[in-house]
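Scroll down for the structure; my scribbles are underneath it.
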Amino acid sequence: MTDTIVKMHYICPHCGKTTVFDGLAEADLTDNPDLYARIMRGETFRDTCAFCGTENKIIYDMRAFSTRKHYSVQLSAPKHRDLYARKFTMMMNGGDRTVFRITSSLNAFKEKISIFEAGRDDRVIEAAKRIVMEEALKLEKDLRQDFIRWFHDARNDREYWLLLGNDGKLRRIPFDPAVYAETKEILLWSEEESFFIDAEWSERVMALASGRRRA
């Protein structure tokens, strides 16, 4: 498969004029590190207004996938989520063994892609966030509990957790493979699958898995 470029229109917030740009609706990241890097830097979501020269950030629906690593991540406006879910369900029913995910956040979109590119399981990463946050709060209370990101330093092949303090500064915690393995073992008790793997999902399945283990 190849990348899909579509013409998109937006109103420049600086000059108010409508301009056209080439949006990357589908991005094939199979053995394409340059495109992967552009998405991670947010370059595919920036355009320079043809009238006033202002650089604008534009969030639009994009699907990034790898046929070699068998994943597909859809960035979607909330109103389109059910549409993509139906589309992916049909593909799976047709025998497609790709791991499909849908997210409405650009940060989550980029995180999902980097997780799959690194060969990790995004379900385990999402669930492990809860364990890491609980341990981090025991050491530092002044943390935003709604912010935790997994980060892969590809250049040095190192993984970290990024947490945000109420002072606006990021805290970096080394990734512990033992926590990942422990969380993966816990999730073996859960049979729930979803296109939407997020904090709400992890709260639900971790509670379910813990209940089954106690039973």
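The values are calculated or read from the model by the stated rules, or taken from the named source; none is laboratory data. Worth saying up front: this structure is predicted, and the values here are computed from it rather than measured. So basically every Cβ, Gly included, is an ideal-geometry build from the backbone, and we count neighbours across all protein chains shown. Just so you know, the surface numbers come from the protein's heavy atoms only, side chains and all, with ligands and any DNA or RNA stripped out. Shrake-Rupley method; radii C 1.70, N 1.55, O 1.52, S 1.80 Å.
The table below lists the values:
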{"read-out": "Cβ-placed point charges (K, R +1; D, E -1), dipole of the chain about Cα centre in debye, nearest 20", "value": "280 debye"}
{"read-out": "Positive-pole candidate from P13, G23, M62, dipole of the chain, charges at beta carbon", "value": "P13"}
{"read-out": "Where E126, E117 fall by accessible area, highest first, once all protein chains stay in place (1.4 Å)", "value": "E117, E126"}
{"read-out": "Global form of region 1-153, assessed from the alpha-carbon gyration tensor, a/c cut-off 1.5", "value": "oblate"}
{"read-out": "Environment charge of G119, counting only residues whose C-beta is closer than 12 Å and scoring Lys/Arg +1, Asp/Glu -1", "value": "-2"}
{"read-out": "FRET E, pair T48, A178, Förster distance 41 Å, beta-carbon r, rounded to 0.05", "value": "0.30"}
{"read-out": "For region 52-172, share of DSSP beta bridges that run antiparallel, in % to the nearest 5", "value": "75 percent"}
{"read-out": "Surface share of carbon and sulfur [accessible, 1.4 angstrom probe, percent] for region 1-97", "value": "53 percent"}
{"read-out": "Net charge, R63 excluded, C-beta distance under 11 Å - Lys, Arg +1, Asp, Glu -1", "value": "-2"}
{"read-out": "Calculated [θ] (222 nm, deg cm²/dmol) that DSSP helices of n ≥ 4 give over the chain, each run adding -39,500 (n - 2.57)", "value": "-11500 deg cm²/dmol"}
{"read-out": "Label-to-label distance, nm, for residues given as M92 and H14 (7 Å Cα→Cβ offset)", "value": "4.3 nm"}
{"read-out": "Sulfur and carbon atoms: percent of accessible area, region 154-206 [1.4 Å]", "value": "49 percent"}
{"read-out": "Derived scalar couplings ³J(HN,Hα) [region 137-146; Karplus, 6.51 cos²θ - 1.76 cosθ + 1.60; whole Hz; x for Gly, Pro]", "value": "5, 5, 9, 8, 6, 8, 10, 6, 6, 9"}
{"read-out": "Cβ-placed point charges (K, R +1; D, E -1), dipole of region 19-112 about Cα centre in debye, nearest 20", "value": "420 debye"}
{"read-out": "Anchor K169: lysines whose Cα lies under 21 Å away (excluding residues fewer than 8 positions away in-chain)", "value": "K110, K129, K138, K141"}
{"read-out": "Rel. contact order, % - alpha carbon contacts under 8 angstrom, at least six apart, the chain", "value": "13 percent"}
{"read-out": "Residues in region 108-145 that a label on K169 would reach, taking backbone N under 16 Å of a point 7 Å out along Cα→Cβ", "value": "140-144"}
{"read-out": "Accessible surface ranking that places the most exposed of M62, M206, M92 first, with a 1.4 angstrom probe", "value": "M92, M206, M62"}
{"read-out": "Neighbourhood net charge (12 Å Cβ-Cβ; Lys/Arg +1, Asp/Glu -1) for M8", "value": "-2"}
{"read-out": "Efficiency of FRET between E140 and E203 - r from beta-carbon atoms, R0 22 angstrom, step 0.05", "value": "0.50"}
{"read-out": "Accessible surface, the chain, averaged per residue in Å² (probe 1.4 Å)", "value": "58 Å²"}
